[in-house]
1. Arrange the peptides 85-97, 48-60, 134-146 so that the one whose residues have, on average, the most other Cβ atoms within 10 Å appears first.
2. For the chain, how big is Rg over Rh, using alpha carbon atoms and the Kirkwood form of Rh?
3. By per-residue mean of other Cβ atoms within 10 Å, what is the highest-first order of 6-19, 171-184?
4. Restricting to the chain, compute how many DSSP beta bridges are antiparallel as a %, nearest 5.
5. Which value, in Å², gives the accessible area per residue of the stretch 30-116 when a 1.4 Å probe is used on the protein heavy atoms?
6. So what does residue 118 come to for accessible area, using a 1.4 Å probe and Å² rounded to 10?
7. Under a point-charge model restricted to the Cβ atoms of Lys and Arg (+1) and Asp and Glu (-1), what is the dipole moment magnitude of the stretch 1-67 relative to its Cα centre, in debye to the nearest 20?
8. Find which of 147, 195, 157 sits farthest along the positive direction of the dipole of the stretch 119-229, computed with +1 on the beta-carbon of Lys and Arg, -1 on that of Asp and Glu, about the Cα centre.
Amino acid sequence: MLTTTAMIGDVAREIGGERIRLEVLMGPGVDPHLYRATREDMARMLRADLVFYNGLGLEGKMADAFVRIARSGKPVYAVTELLPEDQLLEPEGLGGAYDPHVWMDPRAWSRAAELIADRLAHHDPAGAADYRRGLAALQERMRTLDAYAERAVATIPEAQRVLVTAHDAFGYFGRRYGIEVLGIQGLSTESEAGVRRIQELVALLVERRVPAVFVETSVSDRNVRALVEGAAARGHRVVVGGELFSDAMGEPGTYEGTYIGMIDHNVTTIVRALGGEAPERGFQGRLRARS
């Protein structure tokens, strides 16, 4: 089977274990909003028994590729588009389009995991019991992660619960844990950040004395650095609180290269930078030591 993003791939790996042979199209630091399928990518999808992609426009430049693969008779599933609409965010000004970054809420992503397990069992009935066991174990770890995140974010001083990032990928995170989220760019990194937007955010940082802003592993840090410089010019010191995983996870084989590790890293980094309390190496003590 093949998945577009590592966030889907890691969930499928946890559920499927040795019953599946997994390929992930997009690696660390790859921006799915801008990714275009190559001829080799098309061949890999055609060879796969199943293809899972995120949907809701995340892999916007691959829409034609998914249509072509589906027309060939290959099972192709958009995991977020199978979720109930009441679990999806519909930001203003997008003409009814939904926010695709569902994995930022572990509870919502747990529901996506159920859908992946269901499709795996449908195509491999002999493994249904194994998939159910894999799903149950993964969902228990997700519940533990979610409880940690809820406790940790609650320790941030209320006035400082403002998360400013390079693009608007953390809406589900903000909804789940009660933190205001502001992106310089919109939901897609294709959108350009205007001078006016940067000026608005600088004014907010200064007025509310927000201590930190955040860069992302898959997005240029240029606009975030402009916020830091703009706030400094107005007499308020803002630091880059750390690098967050937004549209891609960490390196394969690392804790941050797993879904649990990705969210643990983000929660721990955000909480500590905004004045809350969280263990330096995360709730499992497995995050890389900070330099």
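1. Working: 85-97: 10.7, 48-60: 21.2, 134-146: 17.6.
Averaged packing, sorted descending, gives the order 48-60, 134-146, 85-97.
2. Details: Rg = 19.2 Å, Rh = 19.7 Å.
When Rh is taken as the Kirkwood radius, the ratio is 0.98.
3. On the way: 6-19: 21.9, 171-184: 19.6.
Ranked from most to least packed, the peptides come out as 6-19, 171-184.
4. Numbers: 0 of 16 bridges.
So the antiparallel bridges in the chain amount to around 0 percent.
5. Result: 48 Å² of accessible area for each residue.
6. Only protein atoms counted, so the area is about 80 Å².
7. The dipole magnitude comes to about 140 debye.
8. Positive-end residue among those listed: 147.
The values are calculated or read from the model by the stated rules, or taken from the named source; none is laboratory data. In this text, all values refer to a predicted model and were calculated from it rather than measured experimentally. FYI the Cβ positions are ideal-geometry reconstructions off the backbone, even for glycines, and counts take in every protein chain you see. Accessible surface areas use protein heavy atoms only, side chains included; no ligands, DNA or RNA. Shrake-Rupley method; radii C 1.70, N 1.55, O 1.52, S 1.80 Å.
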